[in-house]
Amino acid sequence: MSCDRPENQLNQQDDALPITEATSPACVPVFNCIVYVNYGDNSVHARVANLAGLSCDANNERDALGKLIPLFKTMLKEFTDGGIEVPWVDPIPEAESGEQVRLIPVHL
């Protein structure tokens, strides 16, 4: 056996922290937010492809996503907290000419 440890330490566990109920990960739902981004002359238009009614215009992509993602998260939280099925757009439409696709995981 090849190891840098002395033989009497090979079977000892490292000083790993135990996982207990207090430290185990919480069950946090994750949803995919599909955003189509289109660059104009002086602005960016972004729209959520898989949940209807969410779009915005902004000076840049970062600002657009900074507006859309909180709205997406709020809508999903309202649906899930209310026990309402999320009205996903299905099938998801293809991106239009000039649009770029962004896939963003969103944790509630």
### Query
If you go through the range 54-87 one residue at a time, how many are touching a residue at least 24 places away in the same chain (Cβ under 8 Å), assigned to a helix (DSSP H, G or I) and either farther than 24 Å from residue 26 by Cβ or in contact with a Ser or Thr (Cβ under 7 Å, 6 or more places away or on another chain) (or both)?
4
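Any residue at all in the range 64-72 that is aromatic (Phe, Trp, Tyr) and touching a Cys at 6+ places or on another chain (Cβ under 7 Å)? I'd like the intermediate steps shown before the answer.
The initial filter retains those residues of the range 64-72 that are aromatic (Phe, Trp, Tyr), namely 72.
In the following step, the residues that additionally are touching a Cys at 6+ places or on another chain (Cβ under 7 Å) were identified as 72.
Checked the range 64-72: at least one residue is aromatic (Phe, Trp, Tyr) and touching a Cys at 6+ places or on another chain (Cβ under 7 Å).
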### Query
Is there any pair with a first residue in the range 13-41 that is assigned to a loop (DSSP other than H, G, I, E, B) and surrounded by 10 or more Cβ atoms within 10 Å (Cβ to Cβ) and a second that is modelled with pLDDT of 90 or more and among the polar types (S, T, N, Q) whose Cβ atoms are under 9 Å apart and which are 6 or more apart or on different chains, and what are they?
29/80
### First in the range 88-101 and at pLDDT 95 or above, second anywhere and of a type in the set (Ser, Thr, Tyr), Cβ under 6 Å, 6 or more apart
95/36; 99/36
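The values are calculated or read from the model by the stated rules, or taken from the named source; none is laboratory data. In this text the structure is predicted, and so the values were computed from the model without any measurement. Every residue, glycine among them, receives a Cβ derived from its backbone with ideal geometry; neighbour counts consider all protein chains shown.
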